Every structure is written in structure tokens, then in C-alpha cells.
Amino acid sequence: MVAEDTLRDKKLVCQDCGRGFLFTVDDQKRYGLKGYKDPIRCEVCRRHKKIIKLAIEDKVPIHEMVKFEERCYKCGRKFYTNFKGKPGENVYCDDCFKQIKHGKINWALLEKENK
């Protein structure tokens with residue numbers, strides 16, 4: 001394990017959406033204590049994967065997980081999701097998320113255009 005005084009926040013890239021995310025020192029400590037490797041997905045993609053997994057395993061019906069109305073950062077369409085986006089966090093509908101994931105939309109350019 002790395003000494004705590006040498007830890008620094010890391011910028012990682014999500015393997016699913018290609019979006020950069022911050023792996024903070026606190027998160028690194030938590031992961032280290034549990035013996036986990038660095039995350040390979042951003043928080044949004046991790047949640048998305050978990051929802052799908054739970055729905056496939058029939059542990060939680062998908063309609064019970066969908067609770068919050070959001071507006072897509074790219075297209076402006078309203079959609080429902082199982083989590084409330086953080087203030088200032090960009091959220092995407094499934095269609096736009098898939099386009100970003102499959103490289104049809106460049107996430108970095110989209111972020112720059114909308115600032």
C-alpha cells in the first residue's frame with residue numbers, strides 16, 4: 001500500500017463512457033482499506049451498471065428504481081433515473097449516453113461547448 005502522505009488526487013478515464021473523473025485521496029484510502037483496485041468506471045457508469053445488474057437478477061424491479069426526473073444535458077429531453085444528479089453535474093438520457101459511449105458524440109467537446 002502507498003504511504004498516505006504520497007497520495008494525490010488522480011484523474012482517471014471511464015472505460016465505458018470515456019469521461020474523465022477524479023479519484024480522490026479519500027476514495028483511494030477507502031479502496032485501499034478494502035483491497036480494491038482503482039475504479040475503471042465513473043460514478044454514473046457504475047450506478048448504471050448496478051441498476052442493470054439488479055434488474056437482470058430480478059432483485060429490484062426496474063420501475064421501482066426510477067424515481068427522479070432529470071433533463072438531458074445534451075438534448076434537453078426530460079427522463080427518469082434512479083438517482084438525483086449532483087448540482088452542476090451533467091446527466092444524459094439513454095440515447096445521448098449511448099452516443100457518447102460509442103464515440104458518436106465527443107464528450108470533451110460537448111462539455112466545452114456548454115460552458
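The values are calculated or read from the model by the stated rules, or taken from the named source; none is laboratory data. A quick note: this is a predicted structure, and the numbers were derived from the prediction, not measured. Using ideal geometry, Cβ is built from the backbone for each residue, glycine included, and neighbour counts are taken over all protein chains shown.
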(message) Looking at Asp16, Asp58, Asp26, can you tell me which residue is among the acidic types (Asp, Glu) and either at pLDDT 90 or above or in the same structural domain as Asp94 (by TED's automatic domain parsing) (or both)?
(response) Asp26
(request) State which residue pairs qualify: first residue assigned by TED's automatic domain parsing to the domain that holds Glu70 and inside the range 80-102, second residue surrounded by fewer than 16 Cβ atoms within 10 Å (Cβ to Cβ) and of a type in the set (Gly, Ala, Ser) in any location, beta carbons under 7 Å apart, and separation of 6 or more residues or different chains. (result) Val91/Gly85
(message) Which of the numbered conditions does Thr6 fail, given that it passes all the others? Conditions: (1) in contact with a Phe, Trp or Tyr (Cβ under 9 Å, 6 or more places away or on another chain); (2) hydroxyl-bearing (Ser, Thr, Tyr); (3) surrounded by fewer than 11 Cβ atoms within 10 Å (Cβ to Cβ).
(response) (1)
(message) Is it the case, given these coordinates, that Ile105 is assigned to a loop (DSSP other than H, G, I, E, B), surrounded by 12 or more Cβ atoms within 10 Å (Cβ to Cβ) and at pLDDT below 80?
(response) yes
